[in-house]
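Worksheet for the structure shown next.
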Amino acid sequence: MENKMSNAAKGAWWMIAAAAALTAMAVCIRHLPAYSVLLMIFLRNVINLFLMAPSLVRQGKAVFKTDRLGTHALRNAFLYGGNVAWFFGVTKIALADVAALQFTSPLFTAIIAAAFLGERIGGHRMVAILIGFAGALIIIRPGIIPVNIGTLSILLAAFLYSCAHVVTKRLSDTESGSTVVFYMSVTILIYSAVPAAFVWQAPTWSDMPAMVGLGITGYVTHYCITRSLAVGDASFVI
């Protein structure tokens, strides 16, 4: 029991670190209003791979070894869709509203994890999830104010990220955090290349700090999420 509690605590702290990095990423996005979200996602992954290069060289071939390319591709399809929806939503609504709406993600994750991973949702966990969901409803206020496209985008992102988190939990049985993040960067780079080509715009030097910030925060966010899901139940750590 003590070991399980220790793993749960580790998973929680990794996820808190991921939340902090995700918030920093949102700030970077708000500093780049002149660029399409499709281009930002592509450039983020280019920068991500560049920043990972020294670590990849140091770790050697083990990082690239996987027998689960299809699972990586599925996870990253969910992530890319979630990225597009989330980046777009961040440009349309206040960051405080983005944070509140993301409290729908634990509800989605709990349901999906129970269905596909067989995770049991205890009473105290369900209470915490429902309180978070109630907070999201207060922000959305259905029937009181119109639900705008920014709100719907963040809700869609929360659902797609929840799907990705459950697949990540499956991958963490056999894949290291570095391997998961490496294939995320490569796969989303491929997914995002063609859409980015249609909205291409060369970044200015003044925007490079925020662009590099996207790459750094993107890497940290997904590495921390992967480490968190490797040691804790998906419905708990989310």
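Matching residues to (1) at pLDDT 80 or above; (2) over 19 Å from the mean Cα position of the chain (by Cα):
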| site | (1), (2) |
| --- | --- |
| Phe88 | yes, no |
| Gly118 | no, yes |
| Ser162 | yes, no |
| Thr174 | yes, yes |
| Ser178 | yes, no |
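Residues in the range 114-127 that are exposed (fewer than 13 other Cβ atoms within 10 Å of the Cβ) and not in a loop (DSSP other than H, G, I, E, B): Ala115, Gly123, His124, Val127. Can we say Ala9 is among the small types (Gly, Ala, Ser), open to solvent by 50 Å² or more (accessible area, probe 1.4 Å) and assigned to a helix (DSSP H, G or I)? When the stated conditions are applied, Ala9 does not pass them. Here Phe50 fits the description: at pLDDT below 90 and among the aromatic types (Phe, Trp, Tyr). Note on the range 32-60: residues that are within 20 Å of the chain's Cα centre (by Cα) and among the small types (Gly, Ala, Ser) total 1.
Is it fair to say Ala19 is under 14 Å from Thr221 (Cβ atoms), modelled with pLDDT under 90 and of a type outside the set (Lys, Arg)? So Ala19 passes the test. Against the condition among the aliphatic types (A, V, I, L, M), closer than 30 Å to Arg58 by Cβ and in contact with a Cys (Cβ under 6 Å, 6 or more places away or on another chain), how does Ala210 come out, does it pass? Taking the combined requirement at face value, the residue satisfies it.
The values are calculated or read from the model by the stated rules, or taken from the named source; none is laboratory data. Predicted, not measured: the structure shown is a model, and the values here were computed from it. Virtual Cβ from ideal backbone geometry, glycine too; neighbours counted across all protein chains shown. Please note that ligands, DNA and RNA were not included when accessible areas were found on the heavy atoms of the full protein model with its side chains. Shrake-Rupley method; radii C 1.70, N 1.55, O 1.52, S 1.80 Å.
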